[in-house]
Amino acid sequence: MNKKSLSRRDFLRMSAFTTAGALLAGCVPASPTGAGGAEAPAQTQTLNFWMWNTFAPPADELMQEKINEWGAANGVTIEISRDADSNMQTKIMPAIEAGTLPDAMFVGGGVALQMMDAQSLDPLTDLFAEIGDAHDGWQPRLDTFVTRDGAVHFLPYSIDTPMVQFRQDILEEAGLTVPEGQWTWDQTRDLCLQASQYTEQQGNKLFGWGFGVVKLTHDGWCTDLFRNFGADLWDETGQKIILADEKMEEATRALNFAKEAWDAGLFPPDAPAYDYAANNKAYLEKQAILVINAASIYVQASQDDPELAEATGLAPKPKDVRDTTDAGLRYTLVMSQSSNNKETAMDLIRHLYSSDVYAPWLELGFVANVLKEYDSLPMWTGKRAAFNLAAQIGTYGGYPAPYDNAAIAELTGSPDAPVGSMIVRVLIDGWDPERAILEADEFSKRVFAKYF
C-alpha cells in the first residue's frame, strides 16, 4: 500500500467528491454588544466558522448564540455558515480544492479523517492535551483514537452511539425486572423472549428483537455481539486477521447464541429483508419490543408519539465477556491549515468546551460528553444516564486496534462484511459455525493481503 500522504487534488479525485458550484452559506455576524448588554470591544478581526443543522435544532441555536456572544465579547466578528448536516462532504471537499475552508468548524469524525489525509488541517496536539487537563481528562480510548502518527488533528466534541431502545412498559406489565445500566446478552435474549410471549398471550404479539439478518447490518447488533463475546476478526495492530486461527471458540459461541435466538423466534420473519429504515419502522409502529439504533428513534417518538417515548427505556448495547459498545464521534472541532487567525480560532475552540457552552449544549442535544468533567451533570439521570454510560465504555473504529485503517474500512464496508455474512450463513443458509467462520476468515485475509 502506498503510505505517502495524498495531495488535496489526488485525494479529491480518489474520493470522487467532485461536486462543484456555488454553495449557500448564511453569514451571521456577531452581535455588536457583549454579554449582558455591555459595549463590545473594538472589532479587530474576522473569523469564519462552519457548523451544521442537526436533529436537535435547539442545540444548534444555542451553539450559534454562544459563538456570537464570545465574538462580541472578544472583539471578533464571527461569520457563521450553517448548512444541512447531509451536505457536509459535498460542501467541505470542494472547499479544500478551492482553498476556501473556514478558520475552524465542526465536522463529523469520518470527514475529519478525510480532511487530515488531504493535508488540509492544522495539528491541535497541544490544544488536545490542554483541554483534557482543564476538564478532568477525555473519555476512555479517545486519546489513542485521535492520535495519528503522534499528532492530533481533530478534537472530539460529541459521542454518538447506537442504543438499546426497548418497551419498558411491556416488560413491566409482564412482571419482568428491568436491569439497571447495561444489560447482558443473556438478559437481552431472555427478557425479550418472555415479553414477546406475554404480548402473544394478550392477543397482540410483538417480536422480541427488531434486528435484521443481512450481510451488511445498519444497527450493528451482530458486530457488537462478536466484539463483546471476544470474537475479534483482527489483532491489536489492526494488520493481521486472527478469526479462525485464534478466535474460533469465541466466534462459534457467538454464532450459536444468535442461532438459538433465531430458533426461539426472537427475530421478525422479514429480518432477511431488513434495510436501513426497517428497525425504525419496527419500533415506531410497535412491532418489536427491542431495537438497536441511534437515539433518533427515541427523539422521533418524543415528537410524534409521546406516549411511546414515555414507555421507552434506553441502555447501551449488551455486554458479555466485554462491556464495550461501539461509538463514533458525531462532531469534532478542526482548524484549517490555511487559517490566518489560528490563535483566535484556538481561543474560540477552548471556549466551546467551557461549562457555559458545553453543558447547556449537551442538555439540548441527544449525544454523550467527551470530557470527564461533565460526567457529573445532573442531566445524566433516568433515561439519559445511558448516554453517559455509553460514552465511558465506547470503542471506536478499528477496535481492538487503536483506530481503523483502509483495510478495516474496506472489509467492514464490503457487501460481504464478514460478521454479517457469518450470521446469514448460520441463521439463514443452515451452515455450521466452523464452516461460516472459515469462509469469513479466508475472505478477510484476502482483503488484508492487499494492504499488509
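The values are calculated or read from the model by the stated rules, or taken from the named source; none is laboratory data. Note that this is a predicted model, so its numbers are computed, not measured. A quick note on method: Cβ atoms are made from the backbone with ideal geometry, for glycine too, and the neighbour counts reach across all protein chains shown.
Only residues that are in contact (Cβ under 8 Å) with a residue 24 or more places away in the chain, small (G, A, S) and within 25 Å of V76 (Cα to Cα) were counted in segment 344-387, giving 1.
From the list T144, T125, T184, pick out the single residue that is surrounded by fewer than 16 Cβ atoms within 10 Å (Cβ to Cβ), in contact with a Pro (Cβ under 8 Å, 6 or more places away or on another chain) and not assigned by TED's automatic domain parsing to the domain that holds T237. Let's see the steps before the verdict.
Working: T125 fails: in contact with a Pro (Cβ under 8 Å, 6 or more places away or on another chain); T184 fails: not assigned by TED's automatic domain parsing to the domain that holds T237.
Result: T144 is the single residue among T144, T125, T184 that is surrounded by fewer than 16 Cβ atoms within 10 Å (Cβ to Cβ), in contact with a Pro (Cβ under 8 Å, 6 or more places away or on another chain) and not assigned by TED's automatic domain parsing to the domain that holds T237.
Of Y298, Y283, all but one fail to be modelled with pLDDT of 95 or more, hydroxyl-bearing (S, T, Y) and part of a helix (DSSP H, G or I); the exception is Y283. When D160 is tested against (1) farther than 20 Å from V357 by Cβ; (2) of a type in the set (D, E, K, R); (3) surrounded by 19 or more Cβ atoms within 10 Å (Cβ to Cβ), only condition (1) is not met.
Only one of the numbered conditions (1) part of a helix (DSSP H, G or I); (2) surrounded by fewer than 21 Cβ atoms within 10 Å (Cβ to Cβ); (3) more than 18 Å from the chain's Cα centre (by Cα) is violated by Q392, and that is (3). Restricting segment 312-342 to residues that are among the hydrophobic types (A, V, I, L, M, F, W, C) and not in a strand (DSSP E or B), the residue that is modelled with the highest pLDDT is V321.
Kindly check whether there is at least one residue in segment 408-430 that is acidic (D, E), over 22 Å from T312 (Cα atoms), part of a helix (DSSP H, G or I) and assigned by TED's automatic domain parsing to the domain that holds F128. Within segment 408-430 (the criterion being acidic (D, E), over 22 Å from T312 (Cα atoms), part of a helix (DSSP H, G or I) and assigned by TED's automatic domain parsing to the domain that holds F128), the answer is no, since none of the residues qualifies.
Exactly one residue among A195, A174 is surrounded by 18 or more Cβ atoms within 10 Å (Cβ to Cβ), over 27 Å from F366 (Cβ atoms) and over 24 Å from the mean Cα position of the chain (by Cα), and that residue is A174. Taking segment 69-91 on its own, how many of its residues are touching a helix residue (DSSP H, G or I) at 6+ places or on another chain (Cβ under 8 Å), outside any strand (DSSP E or B) and modelled with pLDDT under 95? Qualifying residue count, segment 69-91: 2. State all residues of segment 92-117 that are surrounded by fewer than 20 Cβ atoms within 10 Å (Cβ to Cβ), of a type in the set (D, E, K, R) and either modelled with pLDDT of 95 or more or in contact with a Lys or Arg (Cβ under 9 Å, 6 or more places away or on another chain) (or both); if no residue qualifies, say none. Of everything in segment 92-117, just one residue is surrounded by fewer than 20 Cβ atoms within 10 Å (Cβ to Cβ), of a type in the set (D, E, K, R) and either modelled with pLDDT of 95 or more or in contact with a Lys or Arg (Cβ under 9 Å, 6 or more places away or on another chain) (or both), namely E97.
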